[in-house]
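Following: one structure in structure tokens, then a few remarks.
Readers should treat all values here as calculations from the given coordinates under stated rules, not as data from a laboratory. The model shown is predicted, which means the values in this text are computed figures rather than measured ones. Please note: Cβ atoms are built from the backbone with ideal geometry, for glycine as well, and neighbour counts cover all protein chains shown.
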Amino acid sequence: MKEPRSLIVRLFSWIWTLIVFCWRALVVITLVVIGVSLWAGSKNTAPTIEDNLALTVIPFGELSDQVVDDRGRHFLRQFSDAKPTQTSLREVVEAIDAATTDPRIPYLVVKPDEMEGAGLPQLEEIAVALRKFKAAGKPVYAYGDSFDQKQYYLAAQADEISLDPFGSVLLEGFSVYTNYFKDALDKLGVEVNIFRVGEFKSAVEPYERNDMSPEARTANQAWLGDLWKEYGKNVGEARKLTPDAADRYITGLSAGLEKHRGDIAAYALDAKLVTRVETQAEFRKRMIEKVGEDSDHGSFRQIDTGSYLAAVKAEKAAQLASKQIAVVVVQGEIVDGEGDEGTAGGDTVSELLEKARRDDKVKAVLLRVNSPGGSVFASEKIRRGVLALQADGKPVVASMSTLAASGGYWVSMDANKIFAEPTTITGSIGIFGMIPTFAEPLNKIGVHTDGVGTTPLAGALRIDRPLGAEIKTLFQLQIEKGYRNFIEGVAKGRKIPVEQVNSIARGRVWSGKAAKELGLVDELGSFGDAEAALATIAQLEPGSYRINELQPDRDFFKQFVGDLFGSRSRIDLSQLLAALPGGKALAAPADALGDAVKRLDDPKRIYAICFCTPSLGGR
């Protein structure tokens, strides 16, 4: 006979049942709230555009060629004060272009000091749109607490620039610096086997040298000089100053601060880089006199680019054309498989190209590239997708953004036309292979590898054994074949003799301006210029088509959980170092090495990648 449970046991059982019930109810309620929020978000009506509003351009975070439709992150932001981490470049440009001919928008205000990252070609696309706005007789005003070099490029396009009295304009020039790991690798006993073609293919140098090679130094100085010259010219023209105004501001900084007793805002005003030094309250007061006051916010009447563009699109929704130009973006390093946020998966991008090929409404494809390259095989998959579109009679034009080098050039080389900005970083036509082996570090901690195989190649490709001479020869032969494939593909796609391509390839990096002179790029121009050229090639009249950006399908739950708890992994060599004598002293360089090595995860160990993103100053 079963004994009755005690009162205490029954009490705890009841409490546990209540806890389980509350937990399940909480989960259900959370899911319902998420669903309702997403549904409500999708049903939001577009704002109305009133007369006499100022359009505000306030980029947050990174200026991006493609902002993924991340509903999980958008949902989380509703419960916090977190600002967006990315701003869509194309949405900003589209909003400014629409406002240029909109009589309801007589003024534009740029506040770029929340922008944390951008490439010079991206900034120039916004600058072009701002110039068109001004050419329509509409003033542009800029305000900032402070401006770094990227932010100032946008502010410089304004008719008037206002800077906070405690603010600054920080210009410094462009640079490329990187960590070199040879000594650290030697101390660890790590052998890095490198296979490459081209004396300028400097992506492998950090693993075999302690400094920049003379070849890389020469090439980097050339394209950095092109970018800085373009920066100075465009800023000088915008501010009605000489092209060397930025240089003079930097070289005169010490004397200027001494003259103004350390007041860098006063120095910027004296150098005519800004128009006024005033507080944000004073700036708002002047804008209120032009467009009136928004009593709810205590500022001037305004509408931001996102809200304005949504309203404009809602007004034109009924007029959308059935013909489409599809936009497919290759953003970030090119990796095998599906990729992840911040990378371009070969499978993912090629599937988008195939989707565009099968869609009868899509008449042409604009390939937007902002990538240093990566996996050769993944790049080749994307290139084959371009060829399949062309074989079906759908032209493809490539528009290069900040960076379209190495594998980024590989995916572009067969396009009907290639557009780049003068400051785009491109070229780096070359490939390499890299296989690190860890036999010596493992030996130091008492781990040894031994065994037998049926052939000389059986078990030869292991990271816990040194590579033999035969396997090294085989890899070098593959690299040389891959390089021939690359330059022959460029020669065919751009109609340049192979010998000529080889002379300008060899892994060397070029600015967009230099690439145009060499025939690697067809035209210098923006995304909009590339779109217009593509429409002409596809025989599409203006207004007869619409732009449709194709995005990869994202799993909402996976995104949401990843954003909530964090899902990124990283290589951490410090765990290995902890077991080695004196290993703690190498922790910092090992972390830097881990960050670099995790980018080289192609299973075939063959890459077309360029580690050539310059520092543009600022955060």
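Can you tally the net charge around Thr402? Count Lys and Arg as +1, Asp and Glu as -1, for every other residue whose Cβ sits under 12 Å from the Cβ of Thr402.
-3
Is the shape of segment 427-481 rounded, prolate or oblate, going by the alpha carbon gyration tensor and its root eigenvalues a ≥ b ≥ c, with a/c under 1.5 for rounded and a/b larger than b/c for prolate?
Oblate shape, in that a/c is at least 1.5 and b/c is the bigger or equal ratio.
Would you work out if segment 459-559 is rounded, prolate or oblate? Take a ≥ b ≥ c from the square roots of the eigenvalues of the alpha-carbon gyration tensor; rounded if a/c is under 1.5, else prolate when a/b is larger than b/c, oblate otherwise.
oblate
Which order do the peptides 282-292, 480-490 take when ranked by the mean count of other beta-carbon atoms within 10 Å per residue, highest first?
Working: 282-292: 16.3, 480-490: 18.7.
Top to bottom by mean Cβ count within 10 Å: 480-490, 282-292.
Restricting to Cα pairs below 8 Å that are 6+ residues apart, what does the relative contact order work out to for segment 230-361? Please round to a whole percent.
Over segment 230-361, the number comes to 9 percent.
Select from segment 155-194 those chymotrypsin sites (Phe, Trp or Tyr not before Pro) which occupy a DSSP coil region and have at most 11 other Cβ atoms within 10 Å, ordered by residue number. Could the numbers behind the result be given before it?
Values: sites: Phe166, Phe174, Tyr177, Tyr180, Phe181; in loops: Phe166, Phe174, Tyr177, Tyr180, Phe181.
Qualifying residues, ordered by number: Tyr177.
Would you please put 406-415, 496-505 in order of how densely packed they are, using the mean number of other Cβ atoms within 10 angstrom per residue and starting with the highest?
Peptide ranking by packing, descending: 406-415, 496-505.
Could you tell me the distance between the Cα centroids of segment 244-290 and segment 176-201, to the nearest Å?
44
Indicate the gyration tensor shape class of segment 286-347 (rounded, prolate or oblate), computed on the Cα atoms with a ≥ b ≥ c the square roots of the eigenvalues: a/c under 1.5 is rounded; otherwise a/b larger than b/c is prolate and the rest oblate. Don't jump to the answer; show the numbers that get you there.
Values: a/c = 4.63, a/b = 1.90, b/c = 2.43.
In terms of gyration-tensor shape, oblate.
Residues with beta-carbon under 14 Å from that of Ala311, excluding Ala311: net charge, scoring Lys, Arg +1 and Asp, Glu -1?
Overall, the nearby charge balance is -4.
Taking a cut-off of 12 Å between Cα atoms, list the aspartates and glutamates near Lys182, but don't count ones fewer than 8 places away on the same chain.
Glu191, Glu205, Glu208, Asp211
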